[in-house]
Every structure is written in C-alpha cells, then in structure tokens.
Amino acid sequence: MGLRSPRIFTALAALAMLAACGSAAPSSPGVPATVSLKIMVGGLNKQIYLPNMLAQQLGYFKDQYLDVTLVDEGSGQGSEEEVVAGNVDAGSGAYSHPMELNALGKKIETICQFGIAPGEAEVIDARKAGSIKSPTDLLGKNLGVTSLGSGTHTITLAILGKAGLDPTKEHFVAVGAGDTFIAAIDQQRIDGGMTTEPTISRLTSTGKGKVLVDLRTPELTRTALGGDYPFIGIFAKNDWVSSHKDVAQRLVNAYVKTLKFIHSHTPAQIADKMPADYYANNKDLYVTALQNQLGIFGTDCKMPPGGPETVMKIQQQYVPSFKGKTSNLSETYTNEFANKAS
C-alpha cells in the first residue's frame, strides 16, 4: 500500500502548497521553463492508476520539463475535492467526478482519459458464493466501496439498478482497496464489493473471493453497463486549463507517450518499471493481474465516443443524488490536448 496523503490541511500548509503549485524554474534560452505540478492520485498502487507512476518512472514528465509530485490519496473523490479547493494542480480519478461537479456549478474537466473501461469487479466473499450467484442476490447485503461517493460507489449503484434493486436498501461500507478491502472480506464486514487490480487477483488466487461482475475489459463493461464507460483520467479546473494551456499540453504529451509504452510492452516489462512495493510481495500475481486488464487503457488520451453520454445516463438513472440533474458534457472533458499530442 502507498502512503496516504492527509485529507485535512492546516491553513499554513495549504498556503504553502498553493505557493508551490504550478511554479516555474528558470530555463535556458530556447528551452521551456521547468514547471512544478502536484497531481493527487486516488490510489497510486492500484493498477487502474498505473499511467501516473509509470510516466514518473519512465522520466516522461521530465522529458516535458515538468517536475511532478504525485500525491497518494485513497479515493478518486478525495482527488476531486483537493482539485476544486485548489490544493493541487490536477487530480487522477473517475470521469464521473467532473460530471457530478458540473451539475453543481463546479467546473473541472478531464484533459486525458486513459481508462476507457473501469478495470473493476464486484468481488464477493467466496464463502457466500452459494447464496450470491447474480447481482439480484446483492439485495440487502453489505457492499464495500472505496469511499462513499467514489467512482466504485457509482458503478455499484449502476450494477444494482440494472438488476432492478433499490439502492436505498443496500448498506455501503467504505473499505478502501488492497489490504483494507481484503481485511473487510476476511472479517465478514462486507459480503462483497467493487474493487480493482491487484486486489481482485489477490482475493481470487487465494480462494477468498469470487468475481460476480467483471468490468476489466471494454467488452465486459459494455455487456454489464450497456456501453463504453470511461473511468480513470486526469482532470483539472477548467479555468486552470484555459490559463495553463502549454503546461496542460506537456502533461498530456507525457501521458500519451506512457499509454503507447503500455501497448508496446508486455505486462512483465511494465511491471519491471513499477516500484517493488506495488507488487504486494507477489510480482507474478501483479503481472497476471495487469494482463487481465491491459485493454482498459486507451492509446491516445482521447475520450471514447459515446462514453460521456453513457456515464451521464447511468448517473441519471441509478445515482440517487444525481436524479433530475444534468451536466454540460462539453465542459467536463476536452480532446484538445490529446489531438495535438497525437
């Protein structure tokens, strides 16, 4: 597990962080100034967030004259909150966050969409597999999510809604991912939950968990959710993007190069570039888990056509807090920088 970043900042710490965000170092003639950026990531060691640390490890941020600090946070929702507050320059989390905030008049937009499918799965306690055989059997169960209001919470609501279940009759439990999710299964605090790799493979390989709904490929996602469901990407406040176009372009350039690396190398070669503590003491399992879901990553940072419409439809139909709301989709993402990077 990566170290958790504090969710509450003192006034002095916040001011110090704000002073550091987006600062530029002097440069030589003809060379872009190096710009310092803070990006909060909703779980650095989760494989769905892989492009963030991989770009750092490969030196692709430095190649774009960016001095990037990756701040670890347990949930994409936490990243969203810190971006809105101005405590970090950008965040890495689910596309549903810019959409939800837009409906509230708070504008952040995805500038690079690298997860074109969730890379998640609803994993149940294997001891309860006899009574939980389909999503309809989740009625009244204790269901784990990363945090309440997170992207995993939204996807779970969609799975329940499509099964005809009333989400208000479910009990959602915030259990994070990795060791904390596995502990919640072991202690029977949850009957199942929505989680990511390598947690999924850690549970299934030991016989502790069983996959009930699989969203680890675009094809499986379309079957389960009725369309493409763009998930993890990089978002920033719209006004920051419009006033930092050169920096945003350099950031997207680095991510596009990273996505191309992912699709031109084997899972083992990719794993070799990652910090050893991400393997949870089992590198072979980490590689297998990565192999299971490489297809969730796009190649060019572009939003998949129709993806935003699918996400908003799911939000409107199955997320109680979004009922009766709508978002201006054109304000929630942009392909401007991806088009130039390609």
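Evaluate the distance, in nm, between pseudo-label points positioned 7 Å from the Cα of THR299 and of LYS340 along their respective Cα→Cβ axes.
A separation of 2.3 nm, rounded to one decimal place.
Where in the stretch 146-187 does the label zone of LYS208 land, with the point 7 angstrom along Cα→C-beta and an amide N cut-off under 17 Å?
Once the point is set 7 Å along Cα→Cβ of LYS208, 146, 174-187 turn out to lie under 17 Å by backbone N, inside the stretch 146-187.
Could you give the length gained by full extension between HIS263 and ALA33, i.e. 0.36 nm per residue of separation minus their alpha carbon distance, to one decimal place?
Details: separation 230, 0.36 × 230 = 82.80 nm, distance 3.03 nm.
Stretched out fully, the HIS263 to ALA33 stretch lengthens by 79.8 nm.
Round to the nearest 0.05 the FRET efficiency obtained for GLN316 and ASP67 when R0 = 35 Å and r is the Cβ-Cβ distance.
Numbers: r = 40 Å, r/R0 = 1.16.
Efficiency, rounded to the nearest 0.05: 0.30.
What does DSSP give for the chain in terms of the percent of beta bridges that are antiparallel, rounded to the nearest 5? List each step's numbers first, then the result.
Values: 22 of 39 bridges.
Given both bridge residues lie in the chain, the antiparallel proportion sits at roughly 55 percent.
Just the accessible area per residue of the stretch 124-170, please: how many Å² with a 1.4 Å probe?
Values: 1810 Å² over 47 residues.
Heavy-atom accessible area per residue stands at 38 Å².
Roughly how many percent of the accessible protein surface of the stretch 288-342 is carbon and sulfur, given a 1.4 Å probe and a whole-percent answer? Intermediate values should be presented prior to the final figure.
Numbers: 1170 of 2480 Å².
Here it works out to 47 percent.
Measuring from centroid to centroid over Cα atoms, what is the spacing of the stretch 253-294 and the stretch 311-342 in Å?
For the stretch 253-294 versus the stretch 311-342, the Cα centre distance is 28 Å.
Summing -39500 (n - 2.57) over the DSSP H runs of n ≥ 4 in the chain and dividing by its residue number, what mean residue ellipticity at 222 nm do you reach, to the nearest 500 deg cm²/dmol?
Details: 15 runs with 135 residues, N = 342.
Calculated at 222 nm, the ellipticity per residue is -11000 deg cm²/dmol.
For GLY144, which sequence-distant residues (separation of 5 or more, or a different chain) have an amide H within less than 5 Å of its own amide H, given hydrogens modelled in the peptide plane?
For GLY144, whose amide H was placed from the backbone, the distant partners under 5 Å are VAL173, ASP191, GLY192, GLY193, MET194.
Once Lys and Arg get +1 and Asp and Glu get -1 on their Cβ, which of GLN315, TYR49, TYR60 lies farthest toward the positive end of the dipole of the chain?
GLN315
Below 14 Å, Cα to Cα, which aspartates and glutamates can LYS313 reach? Residues fewer than 8 away in the same chain don't count.
Once the sequence-local aspartates and glutamates are set aside, what remains near LYS313 is GLU100, ASP228.
Which three lengths, in whole Å and largest first, does the stretch 91-205 cover when its Cα atoms are put on their principal axes?
Principal extents (Cα only, largest first): 44, 30, 21 Å.
Looking at the chain, do any whole DSSP H helices span at least 15 angstrom along their long axis by alpha carbon and average 0.5 or above on Kyte-Doolittle, and which?
On the way: long enough: 151-162 (17 Å, 0.70); 245-262 (25 Å, 0.13); 283-293 (16 Å, -0.57); 307-318 (16 Å, -0.94).
Counting only whole DSSP H runs, the qualifying helices are 151-162.
Can you give me the long-range amide H partners of LEU37? Hydrogens built in the peptide plane at 1.01 Å from N, cutoff under 5 Å, separation of 5 or more residues or another chain.
Answer set, sorted by chain and number: GLY22, ASP67, VAL68, THR69.
Leaving out ligands, DNA and RNA, what percent of the accessible area of the stretch 144-253 is carbon and sulfur, probe 1.4 Å?
On the way: 1970 of 3800 Å².
The C+S portion of the solvent-accessible surface of the stretch 144-253 is 52 percent.
How would you rank 40-51, 220-231, highest first, on the average number of other Cβ atoms within 10 Å across their residues? Provide the component values of the computation, followed by the final result.
Details: 40-51: 26.5, 220-231: 20.6.
Sorting 40-51, 220-231 by mean packing, highest first, produces 40-51, 220-231.
Of (i) 23.7, 91; (ii) 19.2, 68; (iii) 21.8, 83, which is the value of Rg and Dmax of the Cα atoms in Å derived from the coordinates here?
Answer label, from the structure shown: (ii).
Any aspartates and glutamates with Cα under 20 Å of the LYS260 Cα? List them, leaving off those in the same chain fewer than 8 positions away.
ASP63, ASP272, ASP300, GLU336
Which whole-number value in Å² is the accessible area per residue of the stretch 194-342, probe 1.4 Å?
Numbers: 6240 Å² over 149 residues.
Averaged over the residues of the stretch 194-342, the accessible area is 42 Å².
Would you mind putting 327-333, 134-140, 82-88 in packing order, based on average other-beta-carbon counts within 10 Å, highest first? Show your work: numbers first, answer last.
Details: 327-333: 17.4, 134-140: 15.1, 82-88: 19.4.
Descending packing order for the listed peptides: 82-88, 327-333, 134-140.
In nm, to one decimal, how far is the modelled label at THR326 from the one at ASP179, with both set 7 Å along Cα→Cβ?
4.8
Just to check I understand the Karplus step: with θ = phi - 60° and J = 6.51 cos²θ - 1.76 cosθ + 1.60, what whole-Hz values come out for the stretch 187-198, glycine and proline as x?
8, 6, 6, 10, 8, x, x, 8, 8, 10, 7, x
Ordered by packing density, taken as the mean number of other Cβ atoms within 10 Å over each peptide's residues, highest first, how do 183-190, 272-279 rank?
Numbers: 183-190: 15.8, 272-279: 14.2.
Per-residue mean Cβ counts within 10 Å order the peptides as 183-190, 272-279.
Considering only C-alpha atoms, what is the centroid distance from the stretch 71-140 to the stretch 147-195, in Å?
12
What is the spin-label model distance, in nm, from ALA276 to GLN291 if the labels are put 7 Å beyond Cα along the C-beta direction?
2.3
Report, by chain and number, residues whose modeled amide H sits under 5 Å from the one on GLU197, excluding near sequence neighbours (fewer than 5 apart, same chain).
Hits under the 5 Å cutoff: GLN47, ILE48.
Can you list the HN-Hα couplings for the stretch 119-134, worked out from phi with the Karplus curve (6.51, -1.76, 1.60; θ = phi - 60°), rounded to whole Hz and with x for Gly and Pro?
Here the 3J(HN,Hα) series is x, 10, 7, 7, 10, 9, 4, 4, 5, 10, 4, x, 9, 10, 10, 7 Hz.
For the stretch 211-342, build the convex hull from the C-alpha positions and give me its volume per residue in Å³. Don't skip to the answer; put the middle values down first.
Numbers: hull volume 19.8 nm³, N = 132.
That works out to 150 Å³ per residue.
Output ³J(HN,Hα) for the stretch 235-242: one whole-Hz value per residue in order, computed from phi by the Karplus curve 6.51 cos²θ - 1.76 cosθ + 1.60 with θ = phi - 60°, and x for Gly and Pro.
With the stated coefficients, the stretch 235-242 comes to 10, 8, 5, 4, 5, 5, 4, 5 Hz.
The values are calculated or read from the model by the stated rules, or taken from the named source; none is laboratory data. Because the structure is predicted, anything quoted here is derived from the model rather than measured. For neighbour counting, all protein chains shown are included, and Cβ atoms are generated from backbone atoms with ideal geometry for every residue, glycine included. Areas reflect the complete protein model, heavy atoms only, side chains present, ligands, DNA and RNA absent. Shrake-Rupley method; radii C 1.70, N 1.55, O 1.52, S 1.80 Å.
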